[in-house]
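Enquirer: Sharing a structure below in structure tokens format, with a few things to ask.
The values are calculated or read from the model by the stated rules, or taken from the named source; none is laboratory data. Because the structure is predicted, anything quoted here is derived from the model rather than measured. A quick note on method: Cβ atoms are made from the backbone with ideal geometry, for glycine too, and the neighbour counts reach across all protein chains shown. What goes into the accessible areas is simple: the full protein's heavy atoms, side chains included, and nothing from ligands, DNA or RNA. Shrake-Rupley method; radii C 1.70, N 1.55, O 1.52, S 1.80 Å.
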Amino acid sequence: LVPGKFIVSAIAIGAVLLVAHLIAWLGHLSAGRGLSGGFVGSVLGTMVGRVELLRTILALLTLWAVGLTRRDKPALVLGAACLVVSGAIGHPAAIDPYWTIPAKMLHLLAGSIWIGGLGWLVWLSRCDEAACRIEARRVSSVALVAVIVIALSGLLQTFFFLNTPGDLIASTYGRLVIAKMTGLAILIGFGAYNRYALLPRLDTDGARHLSRSVKMEIAVLATIILIGGFLAYEPTPPRPTTASTAGPMSTVAPTSPGPTEVRE
């Protein structure tokens, strides 16, 4: 694990953001009527509410484990559980969940492993270049597996969330997907450069260049995560109606509940 203040700060930021998200989500659902105990209890009593609450609690427990008790393994388990639970929130919970929920879980876990490995290399490059040379090759191999998992799980979700390839251009959701794909392609380029150009030169001047490249890779990955956050709040393209399913008075319903919609 990346030692000390860095990991505690990162987990603290994540936990605070999830608490803020839960409060904002409840406030949006209340439509200005206030967060009374009865209202909050009714929302958190739904399946969506329970999942939102569970992942927030897991994030706080992760912060408690690593920040107060300094117990790394329980923190790792709790953090992974938070990511797994997060896979059951949003679009995957409403659209082909048997496929999309596991895909999103793998997507989140692979992404966290990737960015964690990059952070580990940046820290090592500052304090222990010999260890950085050893760990760089290991992180590169793990990152290769992670990028494959991210690409496949992302493509699977896109397959279920979009109706046609044309939705990639015609819908805001599709354009955000293209932005994420572009970012992933850039990251793959960074990975290839690091693996084949910098790793063979680690014993000379490659370590310094690798640290710089990894920092740029983290910046791109953080941007992709931000785009993913917007993507989670963007409705997927509506399913087309057919003559057999649409009557003269029918309307097209959204294919998935947004983050502010509660369904049992």
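Enquirer: Counting only protein heavy atoms and using a 1.4 Å probe, what share of the accessible area of the stretch 59-166 belongs to carbon plus sulfur, as a whole percent?
Expert: On the way: 4030 of 5560 Å².
Here carbon and sulfur together make up 72 percent of the probe-accessible area.
Enquirer: Right, here's the next one. Using a Förster distance of 41 Å, how high is the FRET efficiency between V142 and R33, based on the Cβ-Cβ distance and rounded to 0.05?
Expert: On the way: r = 48 Å, r/R0 = 1.17.
E(calc), rounded to 0.05, equals 0.30.
Enquirer: Helix 72-86 sits at what angle to the longest principal axis of the chain, using alpha carbons and giving 0 to 90 degrees rounded to 10?
Expert: That works out to roughly 30 degrees.
Enquirer: Helix 172-193: angle to the longest alpha-carbon principal axis of the chain, degrees 0 to 90, nearest 10?
Expert: 10
Enquirer: Averaging the inverse of every distinct alpha carbon separation and then flipping it gives the Kirkwood radius. What is it for the stretch 61-103, in angstrom units?
Expert: Details: mean 1/r = 0.0883 Å⁻¹.
About 11.3 Å, per the Kirkwood formula over Cα pairs.
Enquirer: Could you give the distance between the Cα centres of the stretch 137-208 and the stretch 48-108, to the whole Å?
Expert: 23
Enquirer: Explain nothing, just the number: relative contact order of the chain, from Cα pairs under 8 Å at least 6 residues apart, as a whole percent.
Expert: On the way: 279 pairs, mean separation 55.2, N = 264.
For the chain, the relative contact order is 21 percent.
Enquirer: Which value in Å is the Kirkwood Rh of the chain over different Cα pairs? All intermediate terms of the calculation are to be shown ahead of the outcome.
Expert: Working: mean 1/r = 0.0491 Å⁻¹.
Evaluated on the chain, it is 20.4 Å.
Enquirer: Something else: How much mean residue ellipticity at 222 nm does the chain get from its helices, if each DSSP H run of length 4 or more adds -39500 (n - 2.57) and you divide by all residues, to the nearest 500 deg cm²/dmol? Show your work: numbers first, answer last.
Expert: On the way: 9 runs with 188 residues, N = 264.
Value at 222 nm, helices only, nearest 500: -24500 deg cm²/dmol.
Enquirer: Okay, moving on. Taking the Cα atoms only, what angle lies between the long axis of helix 207-233 and the longest principal axis of the chain, rounded to 10 degrees?
Expert: The two axes meet at around 0 degrees.
Enquirer: Give me the accessible area per residue for the chain, probe 1.4 Å, as a whole number in Å².
Expert: On the way: 14500 Å² over 264 residues.
With all protein chains present, the chain gives 55 Å² per residue.
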